[in-house]
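Step one of this worksheet: look at the structure below.
None of the figures in this text is laboratory data; all of them are computed from the coordinates on show. The shown structure was predicted, so the numbers you read here are calculated from the model rather than taken from an experiment. Methodologically, a virtual Cβ is constructed for each residue, glycine included, from the backbone with ideal geometry; neighbour enumeration extends over all protein chains shown.
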Amino acid sequence: MAMSDRSARFDGEDEEVRRRSVHAQLGVPLDQCRDLLWSALGDASWRVRKEAVDVLVAARPGRDEINSLITLLRDQENAGLRNATAELLIRLGKRSVPVLMAYLHDLDHDLRKQVVDALAAIGDRSAVPGLVAALGDRDINVAAAAAEALGAIGDSSVAPALLRALEQHPHEFFRFNALAALGRIGRPGPLPPVVVMLAQQDMLQLAVYECLGKIGGDTAAADLLLEGVLTALPSVRTAAIRSLASVLQNLAPLFCSAVVENLRVLADQGLLETLAAAFDKDDLVLSEAVVILLEALLDPRGVPLLMQAMGDERLAHRAAVALKAFGVAALEPATERFTLAGEAERAAICALLGQLGQENKTVTTVISDALTDDAPVVRQAAALAVGSLSSVELLTAVAGLLDDEEPAVREAALQTLRARGSSEKDLIRGIAAQMLASDLPEQRQGAALLCAAVGDCDQLERLIKDEDPAVREAGVRAVGRLRLADSCSSLLMALVDEVEDVRIAAAESLGSCCAFESATASLRLALHDPAPWVQAAALRSLVGLAGEEALPDILGLWQRGDEVAQLACLEAFDRIAVPEGFALISQALGQRDGEVLKSAIEILARHAPELLTPWLGHILSHQDWDVRMTAVRACAGLPEPDRVTLLRMTLEHEDHDLVRQAVRRLLDSD
């Protein structure tokens, strides 16, 4: 019976009725519903076709059924049928590969092409031998598709076969696909002679240069690309620049130096002008390649372009690395450019001067001016740069930014002052004292960080008693950073502060306290704090200090705590990984919900899946879709028979699209 005849049985029915009829076949033996499903694959409605594909994937068809499905690809009149069948074969994955391979020698070249495309989409390496053989197919479209498929699979062992095929196939369409495949495989090595030959053909030059960026691994490849860098064709030129930068990064230092020498010869033949013209902020890969080549050249004439790159946050790090390679040679061009640059570039110049760490009168003047720049981003960069310079004068000027109108500038100033705490203790201690006397809580909070930087415990004791809770919290956290046993008494006092955030800070800081006995005793008391977040912080610190000895405390909080505390308990169970904890989690699965339930599922899936399995059937019917999604992911660790049974049952009643997709992906992988 022709497919068009088999499809006719649905014609008189509504689309949704047809779709439901197909869905009803889920779980029905395939030999009892085969004709209906085969017909549905060619239905006029994409929704019906999609449902048929889903049902057939779940049915796990055998070799005979897959053979029959492949014959549907011969139908030239029904594109929907061909597309649905191809999607089905692809989703069947490894199961369909051996059957598809048998059709690589079919008399129908259109079918061979569809088979190759399906094997490419599946991406299984077992198809490689058949696809290598298909490189010699008498139909150029099939051969070209085979080359593309091998590139998609990415098995580097096929590179020699692709190179042989490049020599044997004169057709440009095939050669273009084969070059692209070699590029996708990306195995750097010696420059193949056939690639050198193809580089002389105008139609393939662009493809050759793009390919060399992936496979070029010697000086011959680099020299060939150098020819392309100065070519008149813009597209070829940009491809050569991108690929040359890539090859330079692949070369061993000895060979790289030889290429760089050749590169420098071209610097006076228009190379620098070519790189400047190629720099395009809309093409990140190309612009980064320009930066790499300028770094290799180490020509001072390239510094302005690198400065321009520093103004783009996406290129700033790479450009800074390149400029740092210039060392002191970059100082003069950078400082000279400062007054002419835009604010982003001025900020980048400040960052560079900080990274170079070289200080002279000109650098000091530039940074000093930048600290009072109209642009906040420049003031921020200048403040950070001072952290790498030795000038006490500049450091004093940075202190003036502590009351800047921009929070980011104030934060940068504070960061630099903290960083210089060990080398300029007296100065930083004096700045901290001024901040301590301020009426502004934010200033006193900053003082806590500076006091910690210089180890001023006496001033921190004062801050822990401050009238402002935010200042007390900052003082507590600063004390925790010092990790001193003598400071624990201050933290214990803060553990009973009237403000919850201060108590949380104290509980977290006690985790780094050196006075083990008093810290653990106080943390155990804090587990009974009325605030759940304090309980959670206390438990994390206690587990960090006591390890498995904290198990009774974890068990107790698990039984009486709310969601926040129970999540902390789950973290603790995950951390110390003891059977008693996993057993307790499992016993309570039916009584938990929300984030607690999801975390419990994830932990049991990692550590004790045998305790989770009896609950999965129940959880996969949970009212919250995200809980069901978590349970579906947990099914991935189950033995195949249990997993498939659970997932097929789930698919029968699941109505959330994301969960259904997750179930199908797992079923498709089996």
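Details
- Relative contact order (%) - criterion: Cα under 8 Å, at least six apart; region: the chain: 5
- Segment 43-120 and segment 401-426 have Cα centres lying 66 Å from one another.
- For segment 119-259, convex hull of alpha carbons as volume per residue, Å³: 99
- Alpha carbon convex hull of segment 267-322, volume per residue in cubic angstrom: 63
- Of all lysines in the structure, those lying under 22 Å Cα to Cα from Lys361, and not within fewer than 8 positions of it along the same chain, are Lys324.
- Across all directions, the average projected area of the convex hull around the alpha carbons of segment 193-296 is 6.0 nm².
- For the chain, with +1 on Lys and Arg beta carbons and -1 on Asp and Glu, the positive-most of Ala322, His109, Gln76 along the dipole: His109
- Taking the fewest neighbouring Cβ atoms within 10 Å as the starting point, the ordered list for His622, His169 is His622, His169.
- From the alpha carbon centroid of segment 319-387 to that of segment 130-182 is 52 Å.
- Relative contact order for segment 233-356: 21 percent, from Cα pairs under 8 Å spaced at least 6 residues apart, divided by residue count.
- Taking label points 7 Å from Cα along the Cα-to-Cβ direction, Ala276 and Ala232 give a separation of 2.3 nm.
- Segment 186-223 and segment 535-596: distance between their alpha carbon centers, rounded to Å: 59
- Using the Cα coordinates of segment 549-670, the gyration tensor eigenvalues translate into equivalent-ellipsoid semi-axes of 28, 15, 10 Å, sorted from longest to shortest.
- Translational diffusion coefficient (Stokes-Einstein; Kirkwood radius from C-alpha pairs) of segment 14-144 at 4 °C, 1.567 mPa s, in µm²/s: 86
- Partners of Lys281 within straight-line reach, counting aspartates and glutamates whose Cα lies under 16 Å from its Cα and excluding those fewer than 8 residues away in the same chain: Asp312, Glu313, Glu345.
- Per-selection metrics, segment 615-670 (Cα): Rg and Dmax in Å: 9.8, 27
- Distance (nanometres) between label positions extended 7 Å along Cα→Cβ at Ala24 and Trp625: 2.6
- 16 Å reach of a label modelled at Ala252, 7 Å along Cα-to-Cβ, counting backbone N of segment 169-210: 188-191
- Taking packing as the residue-averaged number of other Cβ atoms within 10 angstrom, the listed peptides 582-590, 101-109, 345-353 run from highest to lowest as 345-353, 582-590, 101-109.
- For a modelled paramagnetic label at Asp458, 7 Å from Cα along Cα-to-Cβ, the residues of segment 410-444 in reach, with backbone nitrogen under 17 Å, are 425-437.
- Among Lys94, Lys113, Lys598, a tally of other beta-carbon atoms within 10 Å of each Cβ gives an order, fewest to most, of Lys94, Lys113, Lys598.
- Residues Leu651, Leu166, Leu551, Leu212, arranged from fewest to most other Cβ atoms within 10 angstrom of their Cβ, appear as Leu551, Leu651, Leu166, Leu212.
- Extension gain (nm, one decimal) between Arg665 and Thr339, 0.36 nm per residue minus Cα-Cα: 111.6 nm
- Placing R0 at 25 angstrom, the Cβ-Cβ distance between Thr364 and Asp426 gives a FRET efficiency of 0.70 after rounding to 0.05.
- Under a model in which nothing but the beta-carbon of Lys, Arg (+1) and Asp, Glu (-1) is charged, segment 194-347 shows a dipole of about 220 debye around its Cα centre.
- Scoring 57-64, 41-48, 214-221 by mean Cβ neighbours within 10 Å over their residues and listing the highest first yields 214-221, 41-48, 57-64.
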